[in-house]
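Let me begin by presenting the structure, written as structure tokens, before commenting on it.
Only the coordinates and a few stated rules stand behind these numbers; no lab work does. As the structure is a computational prediction, the values presented were derived from the model and not from experiment. Backbone-built Cβ (ideal geometry, glycine too); neighbour counts: all protein chains shown.
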Amino acid sequence: MYDQVRQSDPEIAEILEAELGRQRNQLEMIASENFTSPAVMETMGSTLTNKYAEGYPKKRYYGGCIHVDQAETLAKKRAMALFGAERANVQPHSGSTANMTAYLAFLKPGDKILGLSLSHGGHLTHGHPVNFSGLLFDAIHYEVSPETETIDYDKLRHQALTERPKMLIGGASAYPRFWDFEKLRSIADEVDAILLFDMAHIAGLVAGGVHPSPVPLCDVVTSTTHKTLRGPRGGLILSKKDKFKAINKMNFPGIQGGPLMHMVAAKAVCFQECMQEDFKQYAKAMVSNAKTLGDALMERGFHLVSGGTDNHLLLVNVSNKGLTGKAMEELLEHVGITCNKNTVPFDQESPFVTSGVRLGTPALTTRGMGTEEMNRIAGIIDGAVQNQENQENLAGLRAEAEDLCKAFPLYPDLK
Ligand SMILES: *Cc1c(COP(=O)(O)O)cnc(C)c1O
């Protein structure tokens, strides 16, 4: 692998190989990460990266677009078929630019937006003050209830009635429960707000039929393509017919220049993969693995935010174990598990320390792991907490994690 790079740039080749080794030899539990198929990677590494294609199929500002037009048309068609959407824009470079486009298509700077608070599971682009969304718009936030740690839709409704936002934003990066799209729709209707749902995390679950779909009820749905959807790193916007023109115009020329046509083609490959029966099985397995892992951790005294999970991720509050999220992340890294510290609702710690970790099953499920492995991983996690000071036992746990990795080889054809 990487023969060409090794010839021309051994320094970078070494980094590429080391990263492949890292991905192979650790248990990847960052909930937003996954392993794309070799077909997706081949397409990302194709000559389409050389092509400028500002505009849209058949309406380009450059010649020579005949083939990339076909790729983008296929990607759009497949995205609409996969999600049952009226329209799709497959050009956003990322989930964040997809959101920027979708907001600016319908809002003016200073307009009011209402999204889930970052510290309660939301995303930076849903109005956080350090992000463009908080800088440009008058952003206010809803939260989860302190009792159930799930979204309090009654409270959200009252907040919407008082604040009258122009856009209601649903979606999260660290929320383990189903969303209620009927309730979001009726709240948005009551205050005459545009309803945008950002399904970046759960798109693969929606595609696989194991999470209710936001598409029928929301005006605009944004997403990434590289999380549970398991495609190339990028963004996607789905919308109703009447919202489509404004979105296209804001994507280009409003925000982006030339689309990344190699990524657009790779999105097409991803959408095709998502329509296959084995992707449905994959989506089911992501959810059942998360549930198995969550149950096994709760049996060992771990506190799961909201008491469990409906999707591919768990938010574990580790304060009852005498640990911070930061310490837990480091401890797990030490035994071969990669995850991220994460604030929990009503967290007393700073965002750099936090009281929780977020654990996800998308990447491990792609490797083929199932129920038995989830139970073993719960044992490794608990063992790490119990043996924090015992280097020998921690080394044993690390070896167990590496054995699991060996039993489920990643990219076996890459040499
Ligand atoms: C990951 C994520 C994004 C941002 O995606 P990037 O591709 O990293 O810009 C936006 N919204 C939500 C809810 C996310 O989870």
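Cut-off 10 angstrom, C-alpha nodes, Gaussian network model of the chain. Which of Gly231, Gly322, Gly356 fluctuates the most?
Ranking Gly231, Gly322, Gly356 by mean-square fluctuation puts Gly322 first.
Using +1 at the C-beta of Lys and Arg and -1 at the C-beta of Asp and Glu, which of Phe106, Thr73, Gln7 has the Cα lying farthest in the positive direction of the dipole of region 1-119?
Sorting the options by dipole projection puts first Phe106.
Alpha carbon centre of region 307-323 versus region 398-413: separation in Å?
The distance from the Cα centre of region 307-323 to that of region 398-413 comes to 25 Å.
Note the full-extension length gain between Glu11 and Glu349 as 0.36 nm times their separation in residues minus their Cα-Cα distance, in nm to one decimal. Each step should come with its number before you reach the end.
Values: separation 338, 0.36 × 338 = 121.68 nm, distance 3.97 nm.
Extending this stretch completely gives an extra 117.7 nm.
Rounded to the nearest 500, what is the chain's calculated 222 nm mean residue ellipticity when only DSSP H runs of at least 4 contribute -39500 (n - 2.57) each, over all residues? Kindly include the intermediate steps, with their values, before the conclusion.
On the way: 16 runs with 182 residues, N = 415.
That calculation yields -13500 deg cm²/dmol at 222 nm.
Given springs between every Cα pair under 10 Å in a Gaussian network model of the chain, which of Glu182, Glu149, Glu28 has the largest fluctuation?
Highest fluctuation among the options: Glu182.
Sorting check: for 56-65, 136-145, 89-98, which peptide has the highest mean count of neighbouring beta carbons within 10 Å, and how do the rest follow?
On the way: 56-65: 13.9, 136-145: 19.7, 89-98: 24.8.
Going by the mean number of other Cβ atoms within 10 Å, highest first, we get 89-98, 136-145, 56-65.
Within a Cβ distance under 9 Å of Cys270, other residues only, what is the Lys/Arg minus Asp/Glu net charge?
On the way: positive: Arg78, Arg230, Lys267; negative: Glu273.
Combined, the nearby Lys, Arg, Asp and Glu give +2.
What FRET efficiency comes out for the pair Glu86/Asn375, r = Cβ-Cβ distance, R0 = 45 Å, nearest 0.05?
0.55
For region 272-348, what is the relative contact order in percent, using Cα pairs closer than 8 Å and at least 6 residues apart in sequence?
Values: 61 pairs, mean separation 15.3, N = 77.
Value for region 272-348: 20 percent.
Quick check on packing: order 30-36, 329-335, 345-351 by the mean number of other C-beta atoms within 10 Å, highest mean leading.
Values: 30-36: 20.6, 329-335: 18.7, 345-351: 14.7.
Result, highest mean first: 30-36, 329-335, 345-351.
Please arrange Met1, Met369 by counting, for each residue, the other beta carbons lying within 10 Å of its beta carbon, fewest first.
Working: Met1 12, Met369 21.
In order of increasing Cβ crowding within 10 Å: Met1, Met369.
Dipole size in debye (nearest 20) for the chain around its Cα centre, Lys and Arg Cβ +1, Asp and Glu Cβ -1? Please list the in-between numbers first.
Values: 42 positive and 49 negative charges, 349 e Å.
In total the dipole reaches around 1680 debye.
Connecting C-alpha atoms closer than 10 Å in a GNM of the chain, tell me which of His120, His67, His201 has the biggest fluctuation.
His67
When only Cα pairs under 8 Å and 6 or more residues apart are kept, what is the percent relative contact order across the chain? Don't skip to the end; give the middle numbers.
Values: 844 pairs, mean separation 90.5, N = 415.
After rounding, I find 22 percent.
Note down the nm distance, to one decimal, between modelled labels 7 Å out along Cα→Cβ at Asp180 and at Ser37.
Roughly 3.8 nm, to one decimal.
For the pair Asn320/Asp413, report the inter-label distance in nm, with labels modelled 7 Å from Cα in the Cβ direction.
That separation, rounded to one decimal, is 4.7 nm.
Order these peptides, 169-175, 206-212, by their mean beta-carbon neighbour count within 10 angstrom, highest first. Don't skip to the answer; put the middle values down first.
Numbers: 169-175: 27.4, 206-212: 20.9.
So the peptides 169-175, 206-212, ranked by packing, come out 169-175, 206-212.
Evaluate the distance, in nm, between pseudo-label points positioned 7 Å from the Cα of Asp403 and of Glu163 along their respective Cα→Cβ axes.
5.1
What's the center-to-center distance, using Cα atoms, between region 9-41 and region 338-368 in Å?
Rounded to whole Å, the Cα centres lie 20 Å apart.
What length, rounded to one decimal in nm, is gained on full extension from Gln70 through to Asp189, with 0.36 nm per residue of separation minus their alpha-carbon distance? It would help to have the intermediate numbers written out before the result.
Working: separation 119, 0.36 × 119 = 42.84 nm, distance 3.79 nm.
Net length gain for the segment: 39.0 nm.
Report the one residue of Thr338, Thr371, Gly383 whose Cα lies farthest in the direction of the positive end of the charge dipole of region 279-407 (charges on C-beta: Lys and Arg +1, Asp and Glu -1; origin at the Cα centre).
Selected residue: Thr371.
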